[in-house]
Amino acid sequence: QRRAFPYPLMEKCRRCLLLESAEGDVYREIAARVAALPEAERVPDAVYRERLAACKTCDQLLSGMCLKCGCYVEFRAAFRKRDCPNAADRKWQALA
């Protein structure tokens, strides 16, 4: 049995970030949460862009959501102490 896509208003977009595939309200909410993270918990902008570029190469990315963990990659990639959740093929590592 196939699982229903959780956000029916969003189109399914393989290897697309949330910015590229979602309703603007969803992206703005995630972007606001990333901006509100304390600097000590957030990766530098260059690392963030590198992580998102790596996510875009992954088959587990669907409409901005990681199919391995169910998170929005634009949110998870912002955290210093989080790894890519794809243990079999990690696209990026946590920073110290």
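Numbers for the structure displayed
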{"item": "Prolate/oblate/rounded call for the chain, Cα gyration tensor, a/c under 1.5 rounded", "result": "oblate"}
{"item": "Once exposed loop GluC sites (Glu not before Pro) are cut out (DSSP; at most 16 other Cβ, 10 Å), longest piece of the chain", "result": "24-96"}
{"item": "Cut-off under 5 Å, modelled amide H: who pairs with Arg42 long-range", "result": "Arg80"}
{"item": "Per residue accessible area in Å² of the stretch 48-87, where ligands, DNA and RNA are left out and the probe is 1.4 Å", "result": "46"}
{"item": "Charge tally in the Cβ shell below 12 Å around Glu50, where Lys, Arg are +1 and Asp, Glu are -1, Glu50 excluded", "result": "+3"}
{"item": "Under 18 Å from the Cα of Lys56 - aspartates and glutamates, other chains or at least 8 residues apart", "result": "Glu11, Glu20, Asp45, Glu74, Asp83, Asp89"}
{"item": "Helix-only [θ]222 nm of the chain, DSSP H runs n ≥ 4, -39500 (n - 2.57) each, per residue, nearest 500", "result": "-9000 deg cm²/dmol"}
{"item": "Net lengthening on full extension, Glu39/Asp59 (0.36 nm per residue, minus Cα-Cα)", "result": "4.2 nm"}
{"item": "Apportionment of accessible area to carbon and sulfur, the stretch 37-82, percent (1.4 Å)", "result": "52"}
{"item": "The chain: angle of helix 24-36 to the longest principal axis, Cα-based, in degrees nearest 10", "result": "20"}
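The values are calculated or read from the model by the stated rules, or taken from the named source; none is laboratory data. All figures in this text were calculated on a predicted structure; none of them were measured in a lab. Counting neighbours? That spans all protein chains shown, and the Cβs are built from the backbone with ideal geometry, glycine included. What goes into the accessible areas is simple: the full protein's heavy atoms, side chains included, and nothing from ligands, DNA or RNA. Shrake-Rupley method; radii C 1.70, N 1.55, O 1.52, S 1.80 Å.
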